[in-house]
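Working notes, structure below.
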Amino acid sequence: MKKNPQTALIHAPRKAPQYVSTIQPPLFRASTIIFDNTNALFNRHWTDRYDYSYGTHGTPTTFTLADNIAQLEGGEFCLLAPSGLSAINLVNSCFLSQGDEVWVADNIYGPNMEHLRNLEMRYGITVKVYNPIDVASFQPTEKAKLIWLEAAGSVTLEFPDLNNLVKKAKAHHVLSALDNTWGAGLAFNAFDFGDEHLSVDLTAHALTKYPSGGGDILMGSVVTRDEKLHQQLFRMHALQGISISGDDTAQVQRSLASMQIRYQHQSESTLTLLAWLKQQTEFAQILHPADETSAGHTYWKEICSTEQSAGLVSVIFKPEYHLKDVRHFCDALSLFKLGFSWGGPISLVMLYNLKEMRTLEHTHLQQGLLVRFCIGLEHPQDLIQDIKNALKQLKRQQLE
Ligand SMILES: Cc1ncc(COP(=O)(O)O)c(C=O)c1O
């Protein structure tokens, strides 16, 4: 039957030729998945990943990336989410119910804490905060359901006593979830670490950072090795309508090939900066888990490969530097751009007021304003020169 041009264009052949082999896998964009016949429709099992039935349940494109992320992190199963925070929220909404207790490291990624506080207020979940370098501060009751770990922790970069925290969680039948964005599956294996092959139950990872690597895509993942946990997550993921674009997925998939090289480069540059920052007189404290003066350094050494330590380093300015001075310093930087996030090609800087960020008292942190540097792919000597210039301008401004 001859079709009208419009119909012919809409119904143009859509199957990719099977014999074409390309470097990157073919890209599927889908809301609708077309069934061959009513048999296929009525016999589908939407929880079976190969029974493709609707875009939100996954496509070959999303499953390819999910499998790669699971493998990268040492897990078995992976679900993708539209951002790191939505991956975290998927874990919280899947495993926490009214009356449960959740334990959170004091240095956890801030919006995770805020999300949990919101659940606490509305749904009667109790949020308890522990000190990640002091296992004794984690005191689960029989209501405890979940503990959030982060290694190294956000902004102040203390490395937790993962071995003992996970052992204690297991002893109390508490699910352990690790925000694995910093380690990214490269600094350590969250599913097999320590002498006793310990494993967390779940990881959430902001793929926005190192896996994407471009500073332009938001994505997250939840990985586990436990099929039962994965099935629970899979159903919640579908119920919440969580879905990501095929195009974004393909971009992250493409970036994975260079991820280890980028991570290694950023780790090495950060160590170069760390050595230089330590010699500067303006700072009261430098925070980086590879530095022996940083809290949790020995725990970092137990678990991490020393060359792989991510691209974050924080400094606390001496108390004589007030907010206007530190703002002046940040504004005077030229290569470091002022912005949130990390893991991309451009170095970033952000300033924080620690007093507003912590629940517990911390004797290991000096008083003062904190600046976090996220090291990009520039040459480290150029980054050092940029900070040197900004410090010079800071001094000049103080003399005026
Ligand atoms: C440690 C950590 N976890 C999770 C996230 C959330 O990732 P996203 O920005 O993709 O929501 C971030 C973002 O900055 C982060 O730093």
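The values are calculated or read from the model by the stated rules, or taken from the named source; none is laboratory data. Note that this is a predicted model, so its numbers are computed, not measured. We place every Cβ from the backbone using ideal geometry, glycine too, and count neighbours over all the protein chains shown. Protein only, heavy atoms only, side chains kept; ligands, DNA and RNA dropped before computing areas. Shrake-Rupley method; radii C 1.70, N 1.55, O 1.52, S 1.80 Å.
Below, the figures for the structure above:
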{"item": "Cβ-placed point charges (K, R +1; D, E -1), dipole of the chain about Cα centre in debye, nearest 20", "result": "1200 debye"}
{"item": "Top positive-direction residue, dipole computed over the stretch 38-256 with Cβ charges, set Val91, Leu65, Ser221", "result": "Val91"}
{"item": "Filtered GluC sites (Glu not before Pro), the stretch 292-369: DSSP coil and at most 13 other beta carbons within 10 Å", "result": "Glu292, Glu307, Glu320, Glu361"}
{"item": "Nearest-20 debye value, the stretch 332-400 charge dipole, Cβ charges on Lys, Arg, Asp, Glu", "result": "140 debye"}
{"item": "Zone of Phe340's modelled label, taken as backbone nitrogen in the stretch 100-126 under 14 Å from a point 7 Å along Cα→Cβ", "result": "109-115"}
{"item": "Label-point separation, Lys167 to Thr141 (7 Å along Cα→Cβ), nm", "result": "2.7 nm"}
{"item": "Residue (of Ala16, His297, Trp182) at the positive-pole extreme of the chain, dipole from beta-carbon charges", "result": "Ala16"}
{"item": "Low-density loop cleavage sites - GluC sites (Glu not before Pro) in the stretch 76-172, where at most 14 other Cβ are within 10 Å (DSSP)", "result": "Glu142"}
{"item": "Residue-count net charge about Lys145 - beta-carbon cut-off 14 Å; Lys, Arg +1, Asp, Glu -1", "result": "-2"}
{"item": "CD proxy at 222 nm, helix term only [per DSSP H run n ≥ 4: -39500 (n - 2.57); per residue of the chain; nearest 500]", "result": "-11000 deg cm²/dmol"}
{"item": "Among Tyr54, Tyr19, Tyr210: highest mean-square fluctuation, GNM of the chain, C-alpha pairs under 10 Å", "result": "Tyr19"}
{"item": "Cα-Cα over 24 Å, subset of Lys278/Lys392; Lys167/Lys278; Lys128/Lys324; Lys128/Lys301", "result": "Lys167/Lys278; Lys128/Lys324; Lys128/Lys301"}
{"item": "C-alpha long axis of helix 227-239 to longest principal axis of the chain, angle in °", "result": "80 degrees"}
{"item": "Average accessible surface area per residue within the chain, 1.4 Å rolling probe, Å²", "result": "49 Å²"}
{"item": "Simple spin-label estimate for Leu399 and Lys278 in nanometres, 7 Å along Cα-Cβ", "result": "3.0 nm"}
{"item": "Carbon + sulfur, % of accessible area of the stretch 38-256 - ligands and nucleic acids excluded, 1.4 Å", "result": "48 percent"}
{"item": "Crossing angle, helix 162-171 versus the chain [Cα axis fit, 0-90 degrees, rounded to tens]", "result": "60 degrees"}
{"item": "Which of His230, His11 is most accessible, then next, and so on - probe 1.4 Å", "result": "His11, His230"}
{"item": "Trypsin sites (Lys or Arg not before Pro) within the stretch 207-306: DSSP coil, no more than 12 neighbouring Cβ in 10 Å", "result": "none"}
{"item": "Local net charge near Asn107, Cβ-Cβ under 9 Å (Lys/Arg +1, Asp/Glu -1)", "result": "-2"}
{"item": "The stretch 305-352-the stretch 78-141 distance, computed between alpha-carbon centres (Å)", "result": "27 Å"}
{"item": "FRET efficiency for Arg14 and Ala257, using Cβ-Cβ distance with R0 set to 35 Å, rounded to 0.05", "result": "0.80"}
{"item": "Where Tyr109, Tyr263 fall by accessible area, highest first, once all protein chains stay in place (1.4 Å)", "result": "Tyr109, Tyr263"}
